[in-house]
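Chemist: I'd like to ask you about the structure that follows.
Derivation of every value follows stated rules applied to the coordinates shown; laboratory data play no part. Keep in mind it's a predicted model, so treat the numbers as computed, not measured. Reconstructed Cβ throughout: ideal geometry from the backbone, glycine too, with neighbour counts over all protein chains shown.
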Amino acid sequence: MNAQHRAEPETVRDREVDAEQQHLDRVYRRLEEKIHEAEFLMDDASKRAQVGTPGALAERDAQVFRAGVHLNRLNSEFEDFLFGRIDLLEGKTGERGPDGAYTSVEPAEGAIRHEGGQQLADIAETLHIGRLGVLDADYAPLVIDWRAPAAAPFYRSTPVAPGRVVRRRVIRSKGRRVLSVEDDLLRPELKARLDGEELAVVGDGALMAALGQARSHTMRDIVASIQAEQDEVIRAPAASVTEVEGGPGTGKTAVALHRAAYLLYQDRRRYAGGILIVSPTPLLVSYTEGVLPSLGEEGQVAIRALGSLAEETTGAEATTYDEQSVARIKGSARMVKVLRKAARGALDLGLRTPVPERLRVVAFGARVELDAGELAAVRQQVLAGTTPVNLMRPRARKLLLDALWEKSGARRRYEDPELAAEARQGFDEDIAGEEEFLAFLDAWWPELTPRQALGAMADEGLLARWSRRVLRPGEVRTLARALAARLTPQGEGPLSVHDIALLDELRTLLGAPARPKKREVDPLDQLTGLEELTTAADRNGGGRRERTAERQAAQERTEYAHVIVDEAQDLTPMQWRMVGRRGRHATWTIVGDPAQSSWTDPDEAAAARDEALGKRPRRRFELTVNYRNPAELAVLADRVLALAMPGVEPPRAVRSTGVEPSFAVAAGGAHEGERAGEGAGLGVSVRESAARLLTEVEGTVGVVVAMRRREEARAWLSGLGERVVTLGSLEAKGLEYDAALVVSPAEIADESPAGLRVLYVALTRATQRLEVLSAAPDLPDEDGVPDLLRD
Ligand SMILES: Nc1ncnc2c1ncn2[C@@H]1O[C@H](COP(=O)(O)OP(=O)(O)OP(=O)(O)O)[C@@H](O)[C@H]1O
């Protein structure tokens, strides 16, 4: 950026804002024209197709109504429908970068003239960039979709590699009104002219303005200020596996969401199979789920928390967390063996009706009976296969009939094989149709649900049998007690996040239940909007009806065309298996940060991840810039990183606020011999600190406490209003607040073997203020700085 260009008389700014306003007016006029056109076409079509039927009028009205809704949406939801502009030199035609975008297009020879020691050029092309593409009546682009290859230079050009871009402009608008513009000059040494006038430059750049804004309870898209290293990930070809690592605040979540929108734009047909975004917590899901609609995408993307990932298959959703000691057992890959035995063993338990000990039928006028030993032998024979247990029923039926046929002695009566076969067929039909036989089969080979099998594991004796030589006796006791504390023997009761992966595994071991009923199509969904105006992929992909069907399918889907895993460092081996099943034929994007992992055995998780991804080739990217934390706060977190993961390079914080982190000590909590949090001292101090932080920032305050303190902390903070959020340390993942209050770092660090990494997460949540409140175990010094955070 060049300081001398920054001297901007107010009139230049006004003139530039005015020019953009005129362009935005043109865009809206065009959008209105398109809406009228759409209304006319629909009207006409419905008249011709469905004259006279009452449904026709309703349908048409619904469609016209829908068109109006879309115009409204453009007016209100998209605060900045049009947000960018690039002014370009004349380019060499036909050249593309390695990923197919026009990124590497260099200026044409002669685009820059050298005269009297000066570089001169004329702007050859101006492109406006927005959330959706809009063409004018002559098919010239008024707005380019941000995901189109032609928009890539808006994000990728830098002063070091400007390509054709001379000026990059971020336009801020609200509804139909342009509020301001911010320019970056990418070739400051160049004197460029646009329509015969010198190119104007306004503002201080858009990124810093975006980063300084107050945070609310929902994430904003970053479409106007995506940075070059992020853009590379967003537009990476979707082949196989894209792995992205980066420290806290480097934009991994933002990039993952924008990548989903990009992939859909680029190849909607391919991703009609759905995109799944896996998020660690429901809090992070609700924080991020507004971003895709703001990018013009919603239907084909499912954002799911790990605790609700198996809802479609098992109907189960997590509502609680496990203690770390329990989570470690439930998440371990060793559970696969235990579950395999449990799924089979549960057949013997008479979970629905008592298991019958003998089978008696009447054949050829005589009684035939199988006793307990014979039945056990049949069962063993059936279970020798690998078919899911519930789906083994037909085989169980067949082998029972075999055994009865043998026992009846009928086989010996027929020498002629043809006669024997005929007699056998009659025998099978007679027996298998008998009420008694059917009732026996129901009781002896009941259809089991995953919940029932999980509930059965709450019995310590059974669990010990099923986990012999897999879990240690202490682990068996811990697991059985944890299950029994919440679940009935039938498996009813609240489930934890880690139970969900177990249920999903059990569901594959047991076999799928009947498919859920399809939902009704909402007639208002027949017209989905304007996003398709200029996307070629859409036109190729067929009409709106097709997309409506896709949207519906997306809600019921259990396998996806692309899977994006956010906070991938936290998936347990069992969760990797659950996620892996949803992307067996998918391409993948995996974003994470090993330094923030709360899982205790990274090697075991890495092996499960490798298994989920199979042999697909992988492409790795790294994000290096921390956009969230001001440098003053990042320093503190970096100290914990050095303890948690010695030698790991922290991301570079680009912002500075001049405000250092503050330290406080809980009332009466810093003295030797006192236990942290005993009495009211800690609660009073937490409330005081949170109340003060509320006065210091405009937006949100996140209070992070050890998991076991979540409930009491909520009570301490009640009544402080919606801007304050109380979080257990594991819930803070991925979220951010204007101010963060971290309560007793030592307590958080001591909660599990991965505690230091969990503390690192807590210390990297703030965008403006960070306060650390110590209690006795923190051993604060005279300045209140806890032992763990001292230099
Ligand atoms: N290019 C950008 N322009 C503006 N804001 C950005 C940009 N990149 C990231 N941010 C902002 O920085 C913050 C951190 O981004 P994000 O939550 O995606 O990071 P993350 O890497 O997922 O962090 P964590 O590992 O802590 O979950 C968000 O507020 C995001 O909007």
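Chemist: Would you mind getting me the FRET efficiency between R652 and L179? Use the beta-carbon distance for r and R0 = 41 Å, nearest 0.05.
Modeler: Calculated transfer efficiency: 0.85.
Chemist: Rounded, prolate or oblate: pick one for segment 303-393, where a ≥ b ≥ c are the square roots of the eigenvalues of its C-alpha gyration tensor, a/c under 1.5 means rounded, and failing that, prolate if a/b is larger than b/c, else oblate.
Modeler: Prolate.
Chemist: Report the dimensions of segment 218-279 along its three principal axes from the alpha-carbon atoms, largest first, rounded to Å.
Modeler: The Cα atoms of segment 218-279 stretch 32, 25, 23 Å along the principal axes, largest first.
Chemist: While we're here: Counting only other residues whose beta carbon sits under 11 Å from that of E622, what net charge do I get with K and R as +1, D and E as -1?
Modeler: -4
Chemist: Please state the equivalent ellipsoid semi-axes for segment 595-639: what are the square roots of 5 times the Cα gyration tensor eigenvalues, largest first, in whole Å?
Modeler: 30, 16, 6
Chemist: So, one more: For segment 726-769, what is Rg from Cα atoms divided by 2.2 N^0.38 Å, rounded to two decimals?
Modeler: Dividing the Cα radius of gyration by 2.2 N^0.38 Å gives 1.06.
Chemist: Taking other Cβ within 10 Å of each residue's Cβ, how do K407, K92 sort, fewest first?
Modeler: If I rank by nearby Cβ atoms, fewest first, I get K92, K407.
Chemist: Put a dot 7 Å past each Cα toward the Cβ at A372 and R29; how far apart are the dots in nm?
Modeler: 9.1
Chemist: Holding the Cα-Cα limit at 27 Å, pick out from K34/K92; K34/K174; K92/K191; K92/K252; K252/K337 the pairs that are longer than that.
Modeler: Violating the 27 Å limit, Cα to Cα: K34/K92; K92/K252; K252/K337.
Chemist: Could you tell me, in Å, what Rg and Dmax come out for the Cα atoms of segment 693-775?
Modeler: 11.7, 36
Chemist: Cα gyration tensor of segment 327-444, axes a ≥ b ≥ c as square roots of the eigenvalues: rounded (a/c below 1.5), prolate (a/b > b/c) or oblate?
Modeler: Prolate, since a/c reaches 1.5 and a/b exceeds b/c.
Chemist: Continuing with the same structure: Give me P(r) over segment 649-789, computed from all C-alpha to C-alpha distances, binned every 10 Å, as integer percentages.
Modeler: 13, 46, 35, 6, 0
Chemist: A further question on this structure: If I take R0 = 35 Å and measure r between the Cβ atoms of R413 and R340 in this structure, what FRET efficiency does the formula 1/(1 + (r/R0)^6) give, to the nearest 0.05?
Modeler: 0.25
Chemist: Quick query: amide H of S180 versus all other amide H atoms, modeled in the peptide plane; which residues come in under 5 Å with a sequence gap of 5 or more or a different chain?
Modeler: Correct list: R172.
Chemist: Report the Cα-based extents of segment 280-321 along its three principal axes, largest first, to the nearest Å.
Modeler: Here the Cα extents, ordered largest to smallest, are 32, 20, 10 Å.
Chemist: Then there is this: How much length, in nm to one decimal, is gained on full extension between E429 and E197, taken as 0.36 nm per residue of separation minus their Cα-Cα distance?
Modeler: So the extension gain works out to 74.2 nm.
Chemist: Evaluate E = 1/(1 + (r/R0)^6) for R616 and A439, where r is the Cβ-Cβ distance and R0 equals 45 Å; express this FRET efficiency to the nearest 0.05.
Modeler: 0.40
Chemist: Another question about this same structure. Treat the count of other C-beta atoms within 10 Å as a stand-in for reagent exposure and order F440, F154 from fewest to most.
Modeler: So the ranking, lowest neighbour count to highest, is F440, F154.
Chemist: Sticking with this structure for a sec: From Cα pairs below 8 angstrom and at least 6 apart in sequence, can you work out the relative contact order of segment 270-310, rounded to a whole percent?
Modeler: Once divided by the residue count of segment 270-310, the mean separation gives 59 percent.
Chemist: While we're on this one: Figure the gain on full extension for A161 and D136 (residue separation times 0.36 nm, minus the Cα-Cα span) and round it to one decimal in nm.
Modeler: Between A161 and D136, full extension yields an extra 5.8 nm.
Chemist: Please compute the length gained on full extension between D402 and E37, using 0.36 nm multiplied by the number of residues separating them and subtracting their Cα-Cα distance.
Modeler: So the chain would gain 124.3 nm between D402 and E37.
Chemist: Something else now. Only counting other Cβ atoms within 10 Å, I'd like R469, R486, R15 sorted with the fewest neighbours first.
Modeler: R469, R15, R486
Chemist: Classify segment 446-487 as rounded, prolate or oblate, taking a ≥ b ≥ c as the square roots of the eigenvalues of its Cα gyration tensor: rounded when a/c is under 1.5, otherwise prolate if a/b is larger than b/c and oblate if not.
Modeler: Taking the square roots of the gyration eigenvalues as a ≥ b ≥ c, segment 446-487 is oblate.
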